[in-house]
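Each remark here refers to the structure printed beneath this line.
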Amino acid sequence: MGLKLPMGNDGWADHASSSLREHQDHPPLDLESVKKGMKTLAAKVNKIYDENMYDINGVAVKLPKQSSTESGGGSSSSRGSNTSKVIKEKVVVGFEEEVNRLIYKLDDGGGCRPLEIISIIGAGGSGKTTLAREVYDHPFTSYTFEIRAWIDVSQDYDTTRRRDLLIRILESITLRNFENSSDDKLGEDILRWLKGKKYLIVMDDIWGIEAWNDIQRSFPKECMGSKVLFTSRLLVQLDRVLNFPSGSCYGEIGTGHLVHLRYLAYSFYGVRALPFPYLLNLETLNLKSPEKVIKLPRDIFKMVKLRHLYTKEGVFNFHLSRGEVGSIGCDRSSKLDNLQTLHQICACEACRSFLIRTPNLRKLGLHGGVIPEDNVLRFPNLECFKCLETLTFTTKLAFDSTVESTLPPGLKLPLTITRITLKNTCLKWEELSLLQTLPSLEVLKLLDYACCGPVWNTSELNGFPELKYLRFYDLDIKKWIADDDKFPKLEVLVLEFCRELEGIPIEFGNLNELREIKLEWCRGSAEESAWKILDEQRHIKLDDDCLNLIAINNWG
C-alpha cells in the first residue's frame, strides 16, 4: 500500500554475475564441471532470494534487518548519528530515486513557505523508516535545516503519552533533561527553541492523527520553510479519518486499509493518482491542489457512499468521450445519490453528464466562464435539483470588469435555495430580479464585481421577502435606491470595499429586524447614512442598543 519500493533483483543479480566471472577466468570445463558450478550458483541465488522480503504487491525488495530505529524508542541527536551509520550501510538498492523525490519536496528553493506536512505511507516492513532515515541523514537535510529531531511514535500512542512525546522532542533538540518540566512549560520550551528557525521533525510510525493533534500547537507556524515528516502504516482506527489539510500526501496512495476510510483530506501535491475504486466507504473527500483542473475519473461512481466532495484550490472537471458514455459504470443509471456537497465543479457543458447523476445535492459550487459573443454566463440549468439549498457561482474574468454580462435566457433555479454567493460574474443589476422569485432565499453575497453598474434600483422589484443577510464586497455601485418593504426581514447588512457607494437607503431605518450594519473601506457619506439609520432605529424602538453599527477604515 502506498509507496512502491524498487525491485530487489539487483542484489542477487550482482552475486550471480560475480560467480559467473569467477568461472570465466578459467579454461573451458567439461560438462560435469559446468553442472557442478551451476548447482553452486543456484544455491547462492536461492539463499539470497530467501533473504529477500516482499511488499504487498508481491515485489521482492532487499530490505535491511530491523534495527532499534524501526522498533521504537526515542532517539536524540547523539544516538541518531550511530543508528544512521548502521542504516546507511544497508541502503535499499534503488532507493536513490525516492530519496531524491523527498529531498525535492523538502527544498523550498530558498523561500519562506509555511509549515508543511509530508507523509510516507506504506505497509509494515515496506521500508518507510529506512527511507525517512536516509532523508533525515542526507547532507542536503543537515545543511538546510538548523534543527532536526527524530521521534518514534509507535502503535501504542495515546493522549497520556503527550508529555513523553514533548520531552523526547526537546531532548532531541537540546540534549538536555526536561523530566521535571510541566506540560505547559514543555510546549513553551519547544516554541522558544524552534521559533525563528528552519526545522525538520520526523515522526516515525504514526498509527493515527491523534499524536499530531496533541503536539501541533507547540510548533511555530512562521514562514521559515520548516517541515514535519510522517511515516505511517495508515491503519485507520447572495474514527476512520485521515486529515492532512495543511500538508501534502507523498508518493502513490495505495489501496489497503483505505477501504475503511470515511473522511480523507489532504493536499494533492506529489500524488500521482487517486485510488477512487478502493474508497468504497468514503463519505467526505476534501482536496487541495495547485492544478487548475482536477479531472474526476468515471470510477468515482463506485463511491456510492460519498456525501461531500470539496476542492479549495482548483476546479473539478468531468468528461466522457462518446465511447465511454455507454460503457460499464458510465451509463445514465450510475448515480451518486448520497452526494450532498459538490464544490467546486466546472459549469461547462462537459460536466452536465456528471451533474445529472447527483440529483440530491444540497450545496453546489460552480465555476463558470462567459460566452464572449454576447457576454452570457455559462450557467447550467439547475431546475432539476429538488434539494439544493446553497449555490455558489464564481468565474475568472476573461474580459474587462466593466463589461456587464447576463444570465442565460430562460434560466430557472430551484425554489429550495436559501443561500447564494456570486463572485466575478459582472451581472447587470437588473439580472438580480431572477433571485426575488426564490421564496426561501435568506443569504445573498455579491463579491468581487458580482454585479456591475452605478445604480441598483430595488424599488422597481417585488423585493426579497425572506432575505436576512446581504453582503457587498468590492463592487462599483454608486447609488442604491430601495424601499423598506423590499427587504422586510433583513437582519445583517455588510458593505466592504464599496468605495463609490454614496449611501445606504435611508428607508432601512424603518426595518424592524435590522440588527447590524458593517461598513469597511467605504466612503464617509456611506458611513454617515448608516449613523442616520441608527438614529432612526433608536427613535422607533426606543432602545439605544437596537442596532450594532461597525464602521472601520472609512474615509471622507
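The values are calculated or read from the model by the stated rules, or taken from the named source; none is laboratory data. Owing to the predicted nature of the structure, the values given are computational and were not obtained by experimental measurement. Ideal geometry is used to build each Cβ from the backbone, glycine not excepted, and the neighbour counts take in all protein chains shown.
Miscellaneous remarks
- Strands (runs of 3 or more DSSP E) enclosed by the stretch 419-494 - at least 3 residues per element that are at pLDDT 95 or above and surrounded by 16 or more Cβ atoms within 10 Å (Cβ to Cβ): 419-423, 443-447, 469-473
Each row is one residue, and each column tells you yes or no for (1) at pLDDT below 75; (2) not β-branched (Val, Ile, Thr); (3) not in a strand (DSSP E or B).
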| residue | (1), (2), (3) |
| --- | --- |
| ARG163 | no, yes, yes |
| ILE173 | no, no, yes |
| LYS185 | no, yes, yes |
| VAL202 | no, no, no |
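- Strands (runs of 3 or more DSSP E) wholly inside the stretch 257-340 that include at least 1 residues being modelled with pLDDT under 70: 263-267
- Here is the figure for the stretch 532-553: residues that are surrounded by 14 or more Cβ atoms within 10 Å (Cβ to Cβ) and in a helix (DSSP H, G or I) total 6.
- Matching entry among THR395, THR358 (being modelled with pLDDT of 90 or more and either under 16 Å from LYS295 (Cα atoms) or polar (S, T, N, Q) (or both)): THR358
- Hits in the stretch 132-147 - residues which are over 17 Å from SER119 (Cα atoms) and assigned to a helix (DSSP H, G or I): PRO139, PHE140, SER142, TYR143, THR144
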